[in-house]
Amino acid sequence: MIRAVSGLGMGDGMDLGLEGRVTLVTGGSKGIGFGIARALAAEGAKVAVASRNREAIDAAAAEIGGQGFVFDSDDLDAIPGLLDDVEAALGPIDIYIANTGGPPPNQNPLAFSPEVIASEVDRSRWPAMSSCNSATLRSATANASAPAMNRRTNPVT
């Protein structure tokens, strides 16, 4: 079935079969994470968005009709609690989008360069940011979301 994707200004789109699916998008209060969350909501998914800032995540969630959760991806010990909270509020997670951090904002996305990093960002933080991105994904996937998704799609009979 083909239908228009409402509210995204994208014209015609395909029905991706996301109606009612529970999705979790970390780093979802702005930028790419928010765009992903908005697109999932437009497809009819139940969207949980997570971010460090309560005010920002509540505003983002309200704008797309989702539910906000406070979560700092630097805190790997908080992942099981986040997954439990999302499941309690919306049901078992079907789709997990691990989105964290990024380069400093700039009007020209092509202007991001080593010079910009050196002048605008403490270079000593880049290894930690990279590690956080991959560790959050691995931990959330291994701890709960992937095993639960697998049980729902491949039930033992």
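The values are calculated or read from the model by the stated rules, or taken from the named source; none is laboratory data. Please read all numbers here as calculations on a predicted model, not as lab measurements. Please note: Cβ atoms are built from the backbone with ideal geometry, for glycine as well, and neighbour counts cover all protein chains shown.
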### Task
Find the helices (runs of 4 or more DSSP H) located wholly in segment 37-139 whose residues include 3 or more that are modelled with pLDDT of 85 or more, and list them.
54-64, 79-90
### Message
Take the residues in segment 14-67 that are basic (Lys, Arg) and under 19 Å from Leu83 (Cα atoms); name whichever of them is surrounded by the most Cβ atoms within 10 Å (Cβ to Cβ).
### Response
Lys46
